[in-house]
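In what follows, a structure is listed as structure tokens, so that the remarks can point back to it.
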Amino acid sequence: MRILFADDEASIQELMRIELPRLGHEATVCPDGRTAIAALDRTAYDCVVVDLDMPGVGGLDVIARVREVSPDTEAVIITGKSSLESAVAAVRSGVFDYLTKPCKLVEIQAVLERVRKKRELTARLRALEGRVRRAEGTTHLIGASNGLERVRKLIARVARSDSSVLVRGETGTGKELVARAIHEGSSRAAGPLVAVNCGALPEHLVESELFGHRKGAFTGADEHRAGLFEVADGGTLFLDEIGELPRSLQSRLLRALESGEIRRVGDNHPITVDVRVVCATHRALEEMVAAGTFREDLLFRINTFEIAIPPLRERLEDLPVLVRHFVRTQRPQTPAELAVVDAEVLEVLAGHRWPGNIRELANVVEHALVLCDDLPLSVEHLPARLGALSAPSYVTGAITGIGGQSFTHSAVLESAASDKPISLRDLEMQAILAALNRHQGNKARTADELGISLKTLYNKLHHLTGSSLDRGA
């Protein structure tokens, strides 16, 4: 390492000029603090070792200059006048270690070796973070629907501020992706983004996970531990499923958001953190407030700015580009011009209700790719629950469905034959089934003839299926 050593004792100076190079380091030895500061202004060092008590400019002054010109440089203090006050001052200045004279050369060597290992680990971590960021790339919201465009515009506006954000949306709509986009578009992008699912944490550990704990604070607390608020200092903390946070901890979270201070479990001293909080939920928090399970003041605090993500069923026009994205994610070598799905697959996908939203679609595409050797994907590659849009068993005039199953509507025919009253719903279904019959089960042409959208046609067929199940057909 490149080391700056400063001490006003000539004998120690001479020793360090000889021994530091012998230990494999490049050394600059200074007789006082003023010379050391001048050296810092000319050269960057890995480690600075300074005597605490030097005439004129002392060791703490040198370290203060280190923090200004080279924050990554580690500092070590040595002193012959050890005291509690000097030790506290050294710790507050952020020194790596503190040695008292007379100290042995082997002690200095051990400290420098620890500094070297720390810097090596730091360099590896930064290299790894760089690789991860390059691999992940910039967060992109896939699709061009009106609903998604509104979300993009809201993200762009709120990212520039430091306001708390509440992201609402059904499970699987991409709430964490929105939080990541907010973080990347903010002034905190270089800081950490820490995500935690409040519903996945055991209730007795939530407080420790968020705020940290002191050693011995509870059974099993064998060491000091920083909480996620501390880990996210200088960046963004994403609290997913905030509605699952126990009410007993909601007041502590509220205080942390309002004051910027947290307190580790078992500790009496607060810690100041600089964290931007983004929360997400699929629950109706207003109803939880009315029921007394969520604090109203916390809802106001986290809901400074709200972004609602539309479910996939309301942005079906994004299906083709989403499917292509997931295919190319799984098979990166897929040529850009190659069709990845046939039209019938998109027809089936458009008819599904997507209760799991984007996450469910990603799983469906992954399932299909396991079965598909060569693109494009076909209906037979889809999961069975998607490939067979079957109507109820009380239907009898054969109409071929997408999954190869057949259905008719005998109830309508029987009612007509026996002069029984026919409901408006049955008449509508009779018209749909007759049109399907004429077009040999082709849904697109059927919807065309009936003057309704393909989505409406599928909704009506799904409604028919659900009703028949309710009747025990």
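None of the figures in this text is laboratory data; all of them are computed from the coordinates on show. If you're wondering where the values come from, they're calculated on a predicted model, not measured in any experiment. For neighbour counting, all protein chains shown are included, and Cβ atoms are generated from backbone atoms with ideal geometry for every residue, glycine included.
Test of understanding: ordering 211, 300 by Cβ neighbours within 10 Å, fewest first, what list do you get?
300, 211
Work through the residues other than residue 280 whose Cβ is under 12 Å from its Cβ and net out their charges, Lys, Arg +1 and Asp, Glu -1.
-2
Can you list the residues, at least 5 places off or on another chain, whose amide H is less than 5 Å from the amide H of residue 195, using H built in the peptide plane?
For residue 195, whose amide H was placed from the backbone, the distant partners under 5 Å are 238.
Can you give the angle from 0 to 90° between the axis of helix 175-184 and the longest principal axis of the chain, with both taken from C-alpha atoms, to the nearest 10?
40 degrees
For the pair residue 205 and residue 100, what calculated FRET efficiency results from E = 1/(1 + (r/R0)^6), where r is the Cβ-Cβ distance and R0 = 35 Å, to the nearest 0.05?
The value I calculate is 0.30.
Can you work out the FRET efficiency for the pair residue 72 and residue 146, with r the C-beta to C-beta distance and R0 = 30 Å, to the nearest 0.05?
0.05
Among 448, 240, 7, what is the fewest-to-most ranking by other Cβ atoms within 10 Å?
So the residues, fewest neighbours to most, are 448, 240, 7.
Between helix 33-42 and the chain, what is the angle of the helix's C-alpha long axis to the longest principal axis, kept within 0 to 90° and rounded to the nearest 10?
Relative to the chain, helix 33-42 is tipped by roughly 40 degrees.
Mind jotting down the distance between the C-alpha centroids of region 347-370 and region 267-288, whole Å?
Between the Cα centre of region 267-288 and that of region 347-370, the gap is 33 Å.
Please list 3J(HN,Hα) in residue order for region 443-459, calculated via the Karplus relation 6.51 cos²θ - 1.76 cosθ + 1.60 where θ = phi - 60°; whole Hz, with x for glycine and proline.
6, 4, 5, 4, 4, 4, 5, 7, x, 10, 6, 4, 4, 4, 4, 5, 4
Under the rule of at least 5 residues apart or a separate chain, name every residue whose amide H is placed under 5 Å from the amide H of residue 5.
For residue 5, whose amide H was placed from the backbone, the distant partners under 5 Å are 28, 29, 30, 49.
Return 11, 163 ranked ascending by Cβ neighbour count within 10 Å, so the fewest neighbours appear first.
11, 163
First obtain the Kirkwood hydrodynamic radius of the chain from its Cα pairs, then insert it into the Stokes-Einstein equation at 20 °C and 1.002 mPa s, and state the resulting D in µm² per second as a whole number.
Roughly 76 µm²/s, to the nearest whole number.
Over the chain, what is the relative contact order in whole percent, taking alpha-carbon pairs under 8 Å and six or more residues apart?
10 percent
Give me the extension gain from residue 317 to residue 336: residue separation times 0.36 nm, minus the current Cα-Cα distance, reported in nm with one decimal.
In short, 4.9 nm is gained.
When the helix-only estimate is applied to the chain (DSSP H runs of n ≥ 4, each -39,500 (n - 2.57), divided by the residue count), what is the mean residue ellipticity at 222 nm, nearest 500 deg cm²/dmol?
-14500 deg cm²/dmol
State, to one decimal in nm, how far the label point of residue 113 lies from the label point of residue 10, with both points 7 Å from Cα in the Cβ direction.
For the pair residue 113/residue 10, the computed spacing is 3.4 nm.
Pairing the Cα long axis of helix 357-371 with the longest principal axis of the chain, what angle in degrees results, from 0 to 90 and rounded to the nearest 10?
Taking Cα atoms only, the helix is inclined about 80 degrees.
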